[in-house]
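Remarks on the structure that follows.
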Amino acid sequence: MNWLTGYGRTIRQYLATPKGRHDARDYSQAVLIILLTMLVALLVCWRGGELLS
């Protein structure tokens with residue numbers, strides 16, 4: 001379990017740096033865009049492609 005604590009501390013230290021904050025923001029935006037794209041694709045498939053015609 002000590003290795004898990006070590007990983008957590010390393011991530012916290014990385015996010016405390018300017019580069020880490022910038023990377024976290026970029027990754028968060030990318031995840032949000034991916035999730036929204038998946039949601040739109042799911043809605044289109046669920047409606048039988050009705051939005052495409």
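What does the convex hull of the alpha-carbon atoms of the chain project to on average, in nm²?
Dividing the Cα hull surface by four gives the mean projection, 5.5 nm².
How far is it, in nm, from the label point at residue 2 to the one at residue 33 when both lie 7 Å from their Cα along the line to the Cβ?
Computed distance between label sites residue 2 and residue 33 equals 4.2 nm.
Output wanted: per-residue J couplings in Hz (rounded whole) for the range 30-41, from phi through Karplus 6.51 cos²θ - 1.76 cosθ + 1.60, θ = phi - 60°, x for Gly and Pro.
Karplus values, whole Hz, x for Gly and Pro: 5, 5, 5, 4, 4, 5, 5, 5, 5, 5, 4, 4.
Quick one: length gained pulling residue 12 to residue 47 fully straight, 0.36 nm per residue minus the C-alpha distance?
8.3 nm
Every number in this text was worked out from the coordinates using simple rules, so none of it is lab data. The structure displayed is predicted, hence computed values, not measured ones. Note that each Cβ is placed from the backbone with ideal geometry, even for glycine, and that neighbours are counted across all protein chains shown.
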